[in-house]
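Here's the structure, in structure tokens; my notes come after.
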Amino acid sequence: MDASHRQARAFAPAGVGNIGVGFDLLGHVIEGPRDVATVRRIDEPVVRIDAVRGEVRGIGRIPLDAETNTAGRALLQLRAALRLPHGFAVELDKGIPLGSGLAGSAASCVAALVAANALLDAPLPREALYPFALEGEWASTHSHQGDNVGPMLVGGVALATSTLLLRLDVPDWLHCVAVQPELVLETRQARAVLAEPYPLEQVVRHSSHLALFLTGLSRGDAGLIADGLHDVLVEPRRAPLIPGFAAVKQAALDHGALGASISGGGPSCFAWFASRAAAEAAAPDMVAGFTAAGVAARAHVSPVAAPPAGLLAPPTAPL
């Protein structure tokens, strides 16, 4: 790295975690809302969160302590693993509200990693950032699921386990509507309703849906995708936490959606369609499902194969 290149800015897009049928394993990114991280390489061997601006409403202040901030924790792990002699100072501009179900905590983490990676003397391949992103997510969820950070790193739909990140083939005709209500639902609250054991029959049925869904993606088969895009495990327990969910889902299905469910831990909802035109036609009625429940909302229409996080400009010297 040129010694004068000591600052980089990167964005990370919003995401749809789980994709209904792939709890804690599958996710995809969407065009539209994004977080931006500005990272400076500093001589002091520490990680600092200097500022957080933007969409921070709903569940309290985002911590400036690096260890408890998703971006800060990820960069601490990066420094330790690479034994870096220098540190990083981070500023976050939030475009994705926390508690929205659109992976806001993950986006800050990934944007910071992509920016910091550009400032390394030998930048790492994108997939090599995945373990640090998982550690960053721990600060928010106290778990190491990768269904949010994984797709942000590689784009489109990703299969993300605790040790492996794979981008999956996605037909370019697939489009998503993600509807974001003005509600807040913390991930920990959404996970708490999943504590009770599941009957074996239900687990087997869910597994069959996952197999159909993944086969449909690999073959570009809309019918198989639709056969598989049914969440019989998580959605029934989380749906009561989201006012208007049933109406939003029904509106999507009435417009020919391949399937619809809860985005991440909620309260945002998503639906997949076989064309952009179908997605755009459905979006207003999906928003109306929340409106009828007394909740304002907005819709984002995006290709499912949306691009990953990236640099907003080449690394530069700070002004």
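Coordinate-derived values only; no laboratory data. Values in this document were obtained by computation on a predicted structure and should not be read as measured data. Don't worry about glycine lacking a Cβ; one is built from the backbone with ideal geometry, like all the others, and counts go over all protein chains shown.
Things to note:
- With the convex hull drawn around the C-alpha atoms of the range 254-319, the volume per residue stands at 157 Å³.
- Shown here for the range 71-104: trypsin sites (Lys or Arg not before Pro) in loop regions (DSSP other than H, G, I, E, B) with at most 15 other Cβ atoms within 10 Å, namely 83.
- Extension gain for residue 277-residue 163 works out to 37.3 nm (0.36 nm per residue, less the C-alpha to C-alpha distance).
- The calculated FRET efficiency for residue 86 paired with residue 173, based on their beta-carbon distance and R0 = 35 Å, is about 0.15.
- If you look at the Cα atoms of the range 175-303, you get an Rg and a Dmax of 14.6, 41 Å.
- Under a Gaussian network description of the chain, with springs only between Cα atoms under 10 Å, the residue in 67, 201, 182 that fluctuates furthest is 201.
- Spin-label pair residue 182/residue 42, simplified geometry with 7 Å Cα→Cβ offset, distance in nm: 3.7
- Top positive-direction residue, dipole computed over the chain with Cβ charges, set 206, 304, 226: 304
- Residue 143 paired with residue 122, simple spin-label distance in nm, labels 7 Å along Cα-to-beta-carbon: 3.6
- Under 5 Å, built H, 5+ apart or other chain: amide partners of residue 293: none
- Highest-fluctuation residue, 127, 91, 137 considered, GNM on the chain with Cα pairs under 10 Å: 127
- Shape descriptor for the chain: Rg over Rh equals 0.98 (Cα atoms; Rh from the Kirkwood inverse mean 1/r).
- Highest average packing first - 98-106, 297-305, Cβ atoms within 10 Å: 98-106, 297-305
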